[in-house]
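Peer 1: Submitted below is the structure of interest, expressed as structure tokens.
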Amino acid sequence: MENGNEVPISDETQDIAATGLANSKCPCSETDEALCMQYDKGQNLATLNTSWSMGRLDAGDCEVRMTDAYIWPDGKVKIYAEYHDHGSVFGDHFKINYSFQTSDKKEIFSIESKFTLTAGEDYSLNHEDNLPVIKEYYDRITTLSRHLSCTPDY
């Protein structure tokens, strides 16, 4: 611990690329990734939160450029993510699932988003909500995992 801030701890990236499915440009690609919490302890409830900052995640022509996620003890959740379609002719159907879990991988809640991008298109997700389940399990949520599925739009 440095200056009252915990140092981020990350799990090994669980990536289907090891099996040759991710980035294969096959009709349907999927990729998973998980990251343990990164958080700052603030001086009051308004600044205390648990956060995750995750980088690039690819499946076929679908790319998640980055994801920032935050939860607060009062139940607030915020997810900001940027997406890009690397297709050159056809677009793709994106399906992304964000799963908030305990240290033993028990899912507390998840948020799923589905959308279609045309070839070369960018999209940003800015999701904010206030969920009682976050308030109830805030102290036990330690991991955010992402699952990206990509299917061509043709």
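The values are calculated or read from the model by the stated rules, or taken from the named source; none is laboratory data. Worth saying up front: this structure is predicted, and the values here are computed from it rather than measured. All Cβ positions, even for glycine, are placed from backbone atoms using ideal geometry, and neighbour counts span all protein chains on display. Protein only, heavy atoms only, side chains kept; ligands, DNA and RNA dropped before computing areas. Shrake-Rupley method; radii C 1.70, N 1.55, O 1.52, S 1.80 Å.
Peer 1: Pairs needed: first member in the stretch 92-106, in contact (Cβ under 8 Å) with a residue 12 or more places away in the chain; second member anywhere, open to solvent by 90 Å² or more (accessible area, probe 1.4 Å); C-beta distance under 6 Å; at least 6 residues apart or different chains.
Peer 2: Close Cβ pairs satisfying both conditions: K95/K114; N97/E112; S99/E107; Q101/E107; T102/R140.
Peer 1: Only one residue in I9, I79, I111 is hydrophobic (A, V, I, L, M, F, W, C) and modelled with pLDDT of 95 or more. Which one?
Peer 2: I79
Peer 1: Now for a different question. Out of the stretch 90-106, which residues are in contact with a Lys or Arg (Cβ under 6 Å, 6 or more places away or on another chain) and farther than 25 Å from E136 by Cα?
Peer 2: Scanning the stretch 90-106 gives a single hit, K95.
Peer 1: Looking at the structure I just gave you, is D129 in contact with a Phe, Trp or Tyr (Cβ under 9 Å, 6 or more places away or on another chain) and either at pLDDT below 95 or more than 23 Å from D153 (Cα to Cα) (or both)?
Peer 2: no
Peer 1: Pull up the stretch 96-127, narrow it to residues that are among the β-branched types (V, I, T) and open to solvent by 60 Å² or more (accessible area, probe 1.4 Å), then point me to the one that is farthest from C150 (Cα to Cα).
Peer 2: By that ranking, first place goes to T118.
Peer 1: Before we move on, is Y137 free of Cβ contacts under 8 Å to residues at least 60 places away in the same chain and part of a strand (DSSP E or B)?
Peer 2: So Y137 does not fit the description; no.
Peer 1: Check whether at least one residue in the stretch 81-89 is free of Cβ contacts under 8 Å to residues at least 40 places away in the same chain, over 15 Å from the mean Cα position of the chain (by Cα) and within 30 Å of Y137 (Cα to Cα), and report yes or no.
Peer 2: No, the conditions are met nowhere in the stretch 81-89.
Peer 1: Can you say whether T143 is under 13 Å from T50 (Cα atoms) and polar (S, T, N, Q), as far as the supplied structure shows?
Peer 2: So T143 fits the description; yes.
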